[in-house]
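In what follows, a single structure is set out as structure tokens and then discussed.
Every number in this text was worked out from the coordinates using simple rules, so none of it is lab data. Remember, predicted model here, so these are calculated numbers, not experimental data. Neighbour counts run over all protein chains shown; Cβ positions are idealised from the backbone, glycine included.
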Ligand code: G3P
């Protein structure tokens, strides 16, 4: 399973990249705003800075919601760097844009997906990635992981090549459950990725190993 980090924060992206487990980055307009990135030139420069930190797969979201606007913006984003994946919302013009980009060989990520039917449409339009938002479904007492399972079943039934990018991941158990289901990718915050490291028995065991080693070394002297 690929690991993407869901942030526009350069320090956090670098930390995840340095850990050696990062396969990409997802951003959205809210995450860009959180970093105070506004204005077309600054946004473009920030995407380039993210691309320079990672090996591949930087999702950059269009703001336009009409077909022509999404095409114009998406082509500009794709021209920033080969690593850019154009992120398009799940609306009718977005589906048309997915088809257009797919024919042009521009990779896409269909975002704001909350149902299996939407995921089916994204796959038929040739999306590279589909982003079901599992945390936001959990937030409204709907089983987000069930949606990931349903999409996995549908895509496998027909051999769709669209990759399931489980988004809106909030904690380490989401990551583990996504991996059990067979999600192709997960995107989440740095805190969820780092939480996978943690186990109290690891800390206790390491302390014991180091103490035993120090005791033995003292005895030899
Ligand atoms: O980037 C899209 C998605 O991952 C958003 O997550 O936590 O805002 O629901 P969240």
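Here the spin labels are modelled as points 7 Å beyond Cα on the Cα-Cβ line, and at residue 115 and residue 18 they lie 4.5 nm apart. Fully extending the segment from residue 214 to residue 142 would add 20.7 nm, taking 0.36 nm per residue of separation and subtracting the current Cα-Cα distance. The long axis of helix 144-158 is offset from the longest Cα principal axis of the chain by roughly 60 degrees.
Estimated at 0.36 nm per residue, the fully extended path between residue 11 and residue 124 surpasses their Cα-Cα distance by 37.0 nm. At a Förster radius of 22 Å, what calculated FRET efficiency corresponds to the Cβ-Cβ distance of residue 49 and residue 76, to the nearest 0.05? For residue 49 and residue 76, the calculated efficiency is 0.85. The calculated FRET efficiency for the pair residue 56 and residue 207, based on their C-beta separation and a Förster distance of 41 Å, comes to about 0.60. Taking the three principal axes of the alpha carbon atoms in the chain, the coordinate ranges are 77, 41, 30 Å, sorted in descending order.
Residue separation of residue 153 and residue 35 scaled by 0.36 nm, minus their Cα-Cα distance, works out to 38.8 nm of gained length.
Seen against the Cα atoms of the chain and their longest principal axis, helix 200-220 is set at about 30 degrees. Between the helical axis of 40-53 and the longest alpha-carbon principal axis of the chain there is an angle of about 40 degrees.
Taking 30 Å as R0, compute the FRET efficiency from the Cβ-Cβ separation of residue 102 and residue 198 and round it to 0.05. Given R0 = 30 Å and the Cβ-Cβ separation, E is 0.15.
Over the chain, DSSP H runs of length four or greater, each weighted -39,500 (n - 2.57), average out per residue to a 222 nm ellipticity of -17000 deg cm²/dmol.
Peptide packing for 189-202, 63-76, 123-136 was compared via the average number of neighbouring C-beta atoms within 10 Å per residue; ordered from the highest value, the list is 123-136, 63-76, 189-202.
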